[in-house]
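What follows draws every value from the coordinates through simple rules; no lab data is involved. Computed from a predicted model, the values in this text were never measured in an experiment. Quick reminder, even Gly has a Cβ in these numbers, built from the backbone with ideal geometry, and neighbours come from all protein chains shown.
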Number of protein chains: 2
Amino acid sequence: MKPDDWEHCSGPVEEPGPGRFAGRTRVISLDPAMRGWLDDRPSYLPPVGIGEVMRAGSVIEVTASNHPDFQPGDHVVGTFGVQEHVVSDGKGAMKIDTSLAPPSTYLGALGMPGMTAYFGLLEVGALKDGETVVVSGAAGAVGSMVGQIAKAKGCRVVGIAGGPEKCALLTDELGFDAAIDYRTEDVRKALRGHAPDGIDVYFDNVGGDILDAALTRLAMHARVVVCGAISQYNNATPVKGPSNYLSLLVRRARMEGLVVFDYAKRYPQATQEISGWIGAGHIKVKEHVVRGTVDDFPETLQMLFRSENVGKLVLELA
Amino acid sequence: MKPDDWEHCSGPVEEPGPGRFAGRTRVISLDPAMRGWLDDRPSYLPPVGIGEVMRAGSVIEVTASNHPDFQPGDHVVGTFGVQEHVVSDGKGAMKIDTSLAPPSTYLGALGMPGMTAYFGLLEVGALKDGETVVVSGAAGAVGSMVGQIAKAKGCRVVGIAGGPEKCALLTDELGFDAAIDYRTEDVRKALRGHAPDGIDVYFDNVGGDILDAALTRLAMHARVVVCGAISQYNNATPVKGPSNYLSLLVRRARMEGLVVFDYAKRYPQATQEISGWIGAGHIKVKEHVVRGTVDDFPETLQMLFRSENVGKLVLELA
């Protein structure tokens, strides 16, 4: 995937028909999962076809409406795609309260990444109070929430991230107990030091060698949450399978996948609990805001795969 | 591992002290797991050290006893090792009834392989009636039990094995719905045909390419039971990790390891249920009996890794 794989197309601004509303995009979400949506193969969502508007979560401001639930001036979050002007029938769309949190937060801590962290950790990971949690991609949108939710639940948390700035953020600002810089440290050895009794829940966003290192340090009955594998998405070669997967046997552990949409009915519960933690200061919202136009989308998306973002990456339109 | 890695040592036959009994070995179990016990690294059991008697399950006949629970003439199953004469304090040993089943069956269908199949399928695999089960190493000690237990539970069962004889055994004699010969068939394509709605439980004994093929055909919320990886045990290179492990995410599936000893307290329950199935003709006991001496152990063990056994492989001492 490279910036010139994308094309910016223009067309007349559509008027909203009956039961529909129009809006102007305020802020667009950029997510590692987007890479997978471009592959032409069966997955948990159909691929984005060539010539289609790129799928993306975003917050729009309603400009005109023939829909009873959405009025001009409302801010609405939904999967509106990478475009400046949007027309929607409201399916999957939700009005947000920008007096409680800025629009971008509804794409991050209170959006898909927050929901993914919450249900991945608590449901798939079946986290119990006092356990040891390790998360990779720890300074990213999901990882930073995983670590903070685990801390809010009274767990010991070790984050794996790239570079001294991110590692300092994790321990100094986000309350992680320890951080491992995978660029300069031997991850396996560092895990031995920071999780001497083994890992109870390993939340994996990256795959590859880091997943393999974590597998060597599982506690008995550990849970490995497979959320993503950003190290592998741009491979021209096959995905590197976890060579140490047999530690699942030795440690009677499980590795389980997660697609956040399965928990849609329970988003309100999660949103409420996360909001509470934010309000109480237990969770700090980290956002990486790039200001620009939709033309900046391709280059901004690359930042995820170069590991340049800290916290939730969004593109805010001027 | 090669036959001349082993040494046959002789010594005086020990007399049983107080609280102990002596016996003569009748039949020795040969198991793929033995390969792992030879590696000098942490696992679910300590490695067998150089110079120690090789660990093995066996059935002995008691010849002399100072132990209240075991009398001369009793047949006893336990982890007595690869040796002709045994002295034991009775820890982990269990008297068997050879009028119900021959000694070898207490090492197979009613022994560790049977227990592994039972608890792997029903507990780790959380099998539900009517599901589709796929098992690799299907003509082996564990695999042949997995398939038959699943059939007894009303499931659709597909076995993967090497060679036309084994495949014919599975479908013609053991009641499997279909068999795939991994030596001549494209396993992935064959799975598409035999499990068109996907695999609910995949019980893996082999690892490698077959595990990867099965991962591409998982049904939603599938369970992959990691029991072993015989294709990888003799690798000089690192274990091949499952390149398609991200299908756990796409299919919201789980992969979980199993060590049968964890279920020791429930062996009697499993033994009773399996005995019932055998008695009712729902399960046929398949055993591959090699007759010889302990000197034949090294060469007989190789048969497992050359895929030459059909059913439970045992060495019966003359």
Practice task
Excluding residues fewer than 8 places away in the same chain, name every one of the lysines whose C-alpha is closer than 18 Å to that of A:K240.
Solution key: B:K240
Problem - Max mean-square fluctuation residue, GNM over chain A, Cα-Cα springs under 10 Å, options A:V62, A:V86, A:V250 - result: A:V250
Practice task
Identify, among B:V146, B:G279, B:V134, the residue whose Cα sits farthest towards the positive end of the charge dipole of chain B, taking +1 on the Cβ of Lys and Arg and -1 on the Cβ of Asp and Glu, with the dipole about the Cα centre.
Solution key: B:V134
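Considering only the other residues whose Cβ falls under 14 Å of the Cβ of B:R183, what net charge follows from Lys and Arg at +1 and Asp and Glu at -1?
-4
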Problem - Proximal charge balance of B:V201 [Cβ under 15 Å; K/R count +1, D/E count -1] - result: +1
Problem - Computed [θ] at 222 nm, helices only, for chain A once each DSSP H run of length n ≥ 4 contributes -39500 (n - 2.57) - result: -6000 deg cm²/dmol
Exercise for the section: Please give the helix A:141-152 orientation as an angle from the longest Cα principal axis of chain A, in degrees from 0 to 90, rounded to the nearest 10. Expected result: 60 degrees
Completion exercise
Shortest first and in nm, the label-point separations between A:P18 and its counterparts in the other identical copies (7 Å out along Cα→Cβ) come to 9.9
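Dividing the alpha-carbon Rg of the stretch A:112-261 by 2.2 N^0.38 Å yields what?
Working: Rg = 13.7 Å, N = 150, 2.2 N^0.38 = 14.8 Å.
Normalised Rg, Cα atoms only: 0.93.
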Fill in the blank from the handout: Cα extents of the stretch A:5-58 per principal axis, largest first, Å, are 35, 22, 19
Problem - Max mean-square fluctuation residue, GNM over chain B, Cα-Cα springs under 10 Å, options B:Y118, B:Y106, B:Y182 - result: B:Y182
Practice task
Run through the DSSP bridge list for the stretch A:141-245 and note the antiparallel percent, rounded to the nearest 5.
Solution key: 0 percent
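Where a ≥ b ≥ c are the square roots of the eigenvalues of the C-alpha gyration tensor, would you call chain A rounded, which needs a/c under 1.5, or, failing that, prolate if a/b is larger than b/c, or oblate?
Details: a/c = 2.01, a/b = 1.63, b/c = 1.23.
Because a/c hits 1.5 or more and a/b exceeds b/c, chain A counts as prolate.
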Handout entry: Proximal lysines to B:K286, defined as alpha-carbon separation beneath 26 angstrom and excluding residues fewer than eight positions away on the same chain
Key = B:K95, B:K128, B:K151, B:K153, B:K166, B:K265, B:K312
Problem - Table column - 3J(HN,Hα) (Hz), the stretch A:309-318, Karplus curve with 6.51, -1.76, 1.60, x for Gly and Pro - result: 8, 10, x, 5, 8, 9, 10, 9, 7, 5
Completion exercise
Summed over the other residues with a beta carbon less than 13 angstrom from that of A:L211, with K and R at +1 and D and E at -1, the charge totals 0
Practice task
Could you sort A:258-267, A:204-213 so that the peptide with the highest average Cβ count within 10 Å comes first and the rest follow in order?
Solution key: A:204-213, A:258-267
Practice task
Between copies, how far apart are the A:G175 label points? List them in nm, one decimal, shortest first, with each point 7 Å from Cα toward Cβ, please?
Solution key: 5.6
Fill in the blank from the handout: Interchain or sequence-distant (5+) residues whose placed amide H lies within less than 5 Å of the amide H of B:S65 are B:A22
Problem - Student exercise, the protein assembly as shown dipole from Lys, Arg, Asp, Glu Cβ charges, in Debye to nearest 20 - result: 780 debye
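Quick one: plug the Kirkwood hydrodynamic radius of the protein assembly as shown (C-alpha pairs) into Stokes-Einstein at 37 °C, 0.692 mPa s, and report D in µm²/s. Please report the intermediate quantities before stating the final value.
On the way: Rh = 27.1 Å.
Diffusion coefficient, whole number: 121 µm²/s.
Order A:224-231, B:156-163 from most to least packed using the mean count of other Cβ atoms within 10 Å. All intermediate terms of the calculation are to be shown ahead of the outcome.
Working: A:224-231: 26.9, B:156-163: 25.4.
Order by mean packing, descending: A:224-231, B:156-163.
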Handout entry: Low-density loop positions, trypsin sites (Lys or Arg not before Pro), the stretch B:44-119 - DSSP coil, at most 15 other Cβ in 10 Å
Key = B:K91
Handout entry: Surface/4 of the Cα convex hull for the stretch A:123-174, nm²
Key = 3.3 nm²
Problem - Chain A Cβ-axis minimum, rotational copy B, residue and distance in Å - result: A:G241, 1
Problem - Antiparallel DSSP beta bridges within the protein assembly as shown, percent to nearest 5 - result: 45 percent
Practice task
Quick one: with label points 7 Å out along Cα→Cβ, list the inter-copy distances for A:A236 in nm, shortest first?
Solution key: 3.0
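Under unit Cβ charges (Lys, Arg +1; Asp, Glu -1), what dipole magnitude, rounded to 20 debye, does chain B have relative to its Cα centre? Don't skip to the answer; put the middle values down first.
Working: 31 positive and 39 negative charges, 227 e Å.
Approximately 1100 debye in magnitude.
Averaged over its residues, how many other protein chain Cβ atoms are within 10 Å of peptide A:236-248's Cβ atoms? Numbers along the way, then the final one.
Values: counts 0, 1, 3, 6, 3, 11, 6, 7, 3, 13, 11, 4, 7.
What the average comes to for A:236-248 is 6.
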